[in-house]
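J.: Dropping the structure in here first, questions after.
Just so you know, all these numbers are worked out from the coordinates, no wet-lab data involved. Bear in mind that the values here come from a model prediction, so they are computed numbers and not experimental data. Every residue, glycine among them, receives a Cβ derived from its backbone with ideal geometry; neighbour counts consider all protein chains shown.
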Amino acid sequence: MKVVGLMSGTSGDGVDAALVDISRQKSGLRVQMVAFHPLPYPRSLQQRILSASVSGTVSELCHLNALLGEWFADAALGVIRTAKMHPKDIDLIGSHGQTVHHLPHGVKDAGVGAIRSTLQIGEPAVIAERTGITTVANFRPRDMAAGGQGAPLTPGVHALLFRHPKKARLVVNLGGISNVTYLPRGTGFGGLVAFDTGPANMVLDGLMSRTTNGRVSMDRDGRLAARGQVDGRLLAKLLAHPYLSQVPPKSTGREAFGAKMLDELLTMQQTRQLPIEDLLATCSRWTAEAVGTARRWIRGGIDEVIVGGGGIRNRAIMAHLTDVFTPAPVSTCESLGWDSKALEAVAFAVLAYQTAMEQCGNVPAVTGAAHPALLGCIVPSGPGWLTRLRPPKTRK
């Protein structure tokens, strides 16, 4: 089955589209990437998304939901063109959407107990209409309805792609938020541990944008951070952030490490009179140390660390990760034949396939859900969509 996976992370910098070929074999699913196509948002749109995540009106969120549906559809069509294929050749699309708010901890409300909620926009009906392809979206809410955090959802795919019979691996994703998946030696899902560890590109990109009045959106390749010095006192304060000591299952987002955190960091920068290079260096080290806290909840050693996500291009973070995890070697997903930037889009292609095949996609031990669950909502391409995905078995 050929499936397009669509992903836009908490940094809100664009849509990543991966086209994968998924087949079932005796040993399990076989996943092969066919093509990858990134579609960056204009900076003005990125700023609208980030603002809407904090203070968006109902009208603005309503409009952005439809607008981003168009962008996600364009990304899907773009990766299909990159593969020199046609929409009719594609069986399914899995779209994560654009997270604008994530509240994984129950908020008590009158008469109904603790309510967990999350909101991803990027209307799947628009994607299905523009592409003519059945689209699966809104993966997180079902896990949350079952008592889970709705995140992370990629660990099952990490196990599928990276588990090794003789090596214990820690898979690290450096997106807007960082998350880890611990894969003990062996096969299957036994012993798998995964959760969000905290800050990553979201904080670093936010600092660059705020200190340049929006002229520069990132510290490209971590060049400024690499020139700076880590401020020990500030680092100690950041490492005392309560999220880092919170016991899994746990997930986080812009609500904890967004605008309010940037305000605090910039205030501390002024108080300590730090140049931007030192502030970025300190936050890069904080990112790596936060990932390192994963070892508190892991039983067993780590033979190697595999890093993916846009943060692999930040040399400062990668250098700090190497230091934090010595003597375990630190490498990128490319060393195992996968494009680091494409990995999460690939994951949502696999999750869409699982939903279409009536296979549960969450890992309850990771998210905290009460049970395995079928994830997502399906927007059919049109009449006959189910027969196309799952043709009736012929009698022998």
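J.: By counting other Cβ atoms within 10 Å of each Cβ, how are Y243, Y41, Y182, Y353 ranked from fewest to most?
T.: Working: Y243 16, Y41 19, Y182 23, Y353 26.
If I rank by nearby Cβ atoms, fewest first, I get Y243, Y41, Y182, Y353.
J.: A follow-up question, please. Would you order C283, C62, C360 from fewest to most other beta-carbon atoms within 10 Å of each residue's own beta-carbon? Provide the component values of the computation, followed by the final result.
T.: Working: C283 27, C62 13, C360 17.
So the ranking, lowest neighbour count to highest, is C62, C360, C283.
J.: Going toward the positive end of the dipole of the chain, with +1 on Lys and Arg Cβ and -1 on Asp and Glu Cβ, which of T271, S55, G301 do you reach last?
T.: G301
J.: In addition: Lys/Arg Cβ at +1, Asp/Glu Cβ at -1, dipole of segment 155-340 taken about the Cα centre: which of C283, H320, L161 is farthest positive-ward?
T.: The residue sitting farthest along the positive end of the dipole is L161.
J.: Give me P(r) over the chain, computed from all C-alpha to C-alpha distances, binned every 20 Å, as integer percentages.
T.: P(r) over the chain, rounded to whole percents: 28, 60, 12, 0.
J.: Given the DSSP H assignment, sum -39500 (n - 2.57) over each helix run of at least 4 residues in the chain and divide by its residue total; what's the result at 222 nm in deg cm²/dmol, nearest 500? Kindly include the intermediate steps, with their values, before the conclusion.
T.: On the way: 16 runs with 157 residues, N = 396.
-11500 deg cm²/dmol, from helical runs alone.
J.: What angle, in degrees between 0 and 90 and rounded to the nearest 10, separates the Cα long axis of helix 58-82 from the longest principal axis of the Cα atoms of the chain?
T.: The answer is roughly 70 degrees.
J.: Turning to a different aspect of this structure: What length, rounded to one decimal in nm, is gained on full extension from K237 through to A114, with 0.36 nm per residue of separation minus their alpha-carbon distance? Intermediate values should be presented prior to the final figure.
T.: Numbers: separation 123, 0.36 × 123 = 44.28 nm, distance 3.11 nm.
Gain in length upon complete extension: 41.2 nm.
J.: I would also like to ask the following. Cα centroid distance between segment 108-177 and segment 31-88, in Å?
T.: 17 Å
J.: Any chance you could give the angle, 0 to 90 degrees and rounded to 10, that helix 259-272 forms with the longest Cα principal axis of the chain?
T.: Tilt of helix 259-272: around 20 degrees.
J.: When the dipole is taken about the Cα centre of the chain, and only Lys, Arg (+1) and Asp, Glu (-1) are charged at their Cβ, what size is it in debye, to the nearest 20?
T.: On the way: 42 positive and 30 negative charges, 229 e Å.
Dipole about the Cα centre, nearest 20: 1100 debye.
J.: What is the helix-to-structure angle for 276-292, meaning the angle in degrees between its Cα long axis and the longest Cα principal axis of the chain, kept from 0 to 90 and rounded to the nearest 10?
T.: Between helix and principal axis, roughly 60 degrees.
J.: By the gyration tensor of its Cα atoms, with a ≥ b ≥ c the square roots of the eigenvalues, what is the shape of segment 1-130: rounded for a/c under 1.5, prolate for a/b over b/c, or oblate?
T.: Working: a/c = 2.45, a/b = 1.47, b/c = 1.67.
Since a/c reaches 1.5 but b/c is at least a/b, the shape of segment 1-130 is classed as oblate.
J.: Once you list every other residue whose beta carbon is under 13 Å from the beta carbon of P249, what net charge do they have if Lys and Arg are +1 and Asp and Glu are -1?
T.: Numbers: positive: R116, K250; negative: D143, D196.
The answer is 0.
J.: As a test of understanding, state the convex hull volume per residue of segment 285-390 from its alpha carbons, in Å³. Let's see the in-between values first.
T.: Working: hull volume 16.1 nm³, N = 106.
That works out to 152 Å³ per residue.
J.: Quick check for me: using +1 on Lys/Arg Cβ and -1 on Asp/Glu Cβ, what's the dipole size of segment 305-390 about its Cα centre, in debye to the nearest 20? Intermediate values should be presented prior to the final figure.
T.: Details: 5 positive and 5 negative charges, 38 e Å.
Using Cβ point charges on Lys, Arg, Asp and Glu, segment 305-390 gives about 180 debye.
J.: Now, a different point. Counting Lys and Arg as +1 and Asp and Glu as -1, what is the net charge of the other residues whose Cβ lies under 15 Å from the Cβ of T326? Could you put the intermediate results ahead of the total?
T.: On the way: positive: R285, R295; negative: E289, D303, E304, D323.
Taking every Cβ under 15 Å from that of T326, the sum is -2.
J.: Right, next: When D231, D303, D263 are ordered from fewest to most other Cβ atoms inside 10 Å of their Cβ, what list results? Before the final figure, lay out each step's value.
T.: Working: D231 20, D303 16, D263 11.
Starting with the residue having the fewest Cβ neighbours, the order is D263, D303, D231.
J.: Round to the nearest 0.05 the FRET efficiency obtained for E60 and R215 when R0 = 25 Å and r is the Cβ-Cβ distance. Please report the intermediate quantities before stating the final value.
T.: Numbers: r = 24 Å, r/R0 = 0.96.
That gives a FRET efficiency of 0.55.
J.: Also: Of the listed pairs K2/K341; K260/K341; K26/K250, which have alpha-carbon separations greater than 22 Å here?
T.: Numbers: K2/K341 20 Å; K260/K341 28 Å; K26/K250 34 Å.
With Cα atoms farther than 22 Å apart: K260/K341; K26/K250.
J.: Also: Using 0.36 nm per residue of separation minus the Cα-Cα distance, give me the extension gain between T326 and R227 in nm, one decimal. If you can, show how the numbers build up before the last one.
T.: Working: separation 99, 0.36 × 99 = 35.64 nm, distance 2.21 nm.
Length gained, T326 through R227: 33.4 nm.
J.: Could I ask something else about it? Please list the three semi-axes, largest first and in whole Å, of the ellipsoid equivalent to segment 155-340, using sqrt of 5 times the eigenvalues of its alpha carbon gyration tensor.
T.: Numbers: eigenvalues 170, 54, 40 Å².
That gives 29, 16, 14 Å for the three semi-axes.
J.: If we count every other residue with Cβ under 11 angstrom of F162's Cβ, Lys/Arg +1 and Asp/Glu -1, where does the sum land? All intermediate terms of the calculation are to be shown ahead of the outcome.
T.: On the way: positive: R163, K167, R169; negative: E304.
Net charge in that neighbourhood comes out at +2.
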